[in-house]
1. Among the residues of segment 109-118, write down those that are modelled with pLDDT under 95 and either part of a helix (DSSP H, G or I) or in contact with a strand residue (DSSP E or B) (Cβ under 8 Å, 6 or more places away or on another chain) (or both).
2. For segment 123-143, give me each residue that is more than 15 Å from residue 28 (Cβ to Cβ), in contact (Cβ under 8 Å) with a residue 12 or more places away in the chain and part of a helix (DSSP H, G or I).
3. Among the residues of segment 13-38, how many are under 16 Å from the mean Cα position of the chain (by Cα) and either without any contact (Cβ under 8 Å) to a residue 24 or more places away in the chain or more than 18 Å from residue 110 (Cβ to Cβ) (or both)?
4. Taking the condition modelled with pLDDT under 90 and assigned to a helix (DSSP H, G or I), does residue 56 pass?
5. Based on what the data block shows, is residue 166 closer than 23 Å to residue 120 by Cα, assigned to a loop (DSSP other than H, G, I, E, B) and in contact with a helix residue (DSSP H, G or I) (Cβ under 9 Å, 6 or more places away or on another chain)?
6. Against the conditions (1) surrounded by fewer than 19 Cβ atoms within 10 Å (Cβ to Cβ); (2) out of contact with any strand residue (DSSP E or B) (no Cβ under 6 Å at 6 or more places or on another chain); (3) at pLDDT 95 or above, where does residue 168 fall short? Just the number, please.
């Protein structure tokens with residue numbers, strides 16, 4: 001049974017004025033384009049198509065808000081790295097994302113990283129954006145179904161060493177359901193706090 005049986009789409013925001021009221025608890029989901037962010041959202045929310053998935057990277061172009069619990073929301077951010085959106089549209093994302101960071105309700109960040117690619121400079125920039133001293137950050141090393149167990153274990157240890165304990169890290173595969181229950185538990189715990197730390 002889903003931890004979030006009443007999950008529902010709220011709004012696609014193209015401007016901060018379109019954000020939901022700044023109350024409760026909010027968790028952002030971010031990742032490089034094609035890292036498996038939308039698939040991770042759907043797996044964690046236990047919904048087949050809550051977030052739209054695509055084989056073409058860069059399809060998320062607005063900030064998409066979903067309510068998972070009463071006053072408990074997630075925010076799907078545009079992917080970084082490659083994106084098919086025009087440059088003029090990509091320039092509008094930075095002010096949106098900065099406005100999101102200013103919200104009192106933003107409790108933490110789920111960062112989805114393709115385990116085969118490792119941690120990039122852009123991933124580190126996003127961790128710094130979230131500010132782990134103020135907000136929780138949890139990394140999902142995604143697509144581990146494409147690795148052997150030994151490879152996945154080595155990558156997990158390497159990621160933990162690189163991130164030096166500033167964030168929590170786990171193995172994840174939406175396709176094979178690896179780590180889904182663990183991620184659901186972490187998200188439910190954060191959303192239940194209803195306020196930033």
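The values are calculated or read from the model by the stated rules, or taken from the named source; none is laboratory data. Note that this is a predicted model, so its numbers are computed, not measured. Virtual Cβ from ideal backbone geometry, glycine too; neighbours counted across all protein chains shown.
1. 117
2. None - no residue of segment 123-143 is more than 15 Å from residue 28 (Cβ to Cβ), in contact (Cβ under 8 Å) with a residue 12 or more places away in the chain and part of a helix (DSSP H, G or I), so the list stays empty.
3. 0
4. When the stated conditions are applied, residue 56 does not pass them.
5. Yes, satisfied.
6. (2) is the only condition that residue 168 fails.
Yes/no matrix, rows are residues, columns are (1) out of contact with any helix residue (DSSP H, G or I) (no Cβ under 7 Å at 6 or more places or on another chain); (2) within 17 Å of residue 38 (Cβ to Cβ); (3) buried (at least 21 other Cβ atoms within 10 Å of the Cβ):
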| residue | (1), (2), (3) |
| --- | --- |
| 95 | yes, no, no |
| 123 | yes, no, yes |
| 134 | yes, no, no |
| 176 | no, yes, no |
| 180 | no, yes, no |
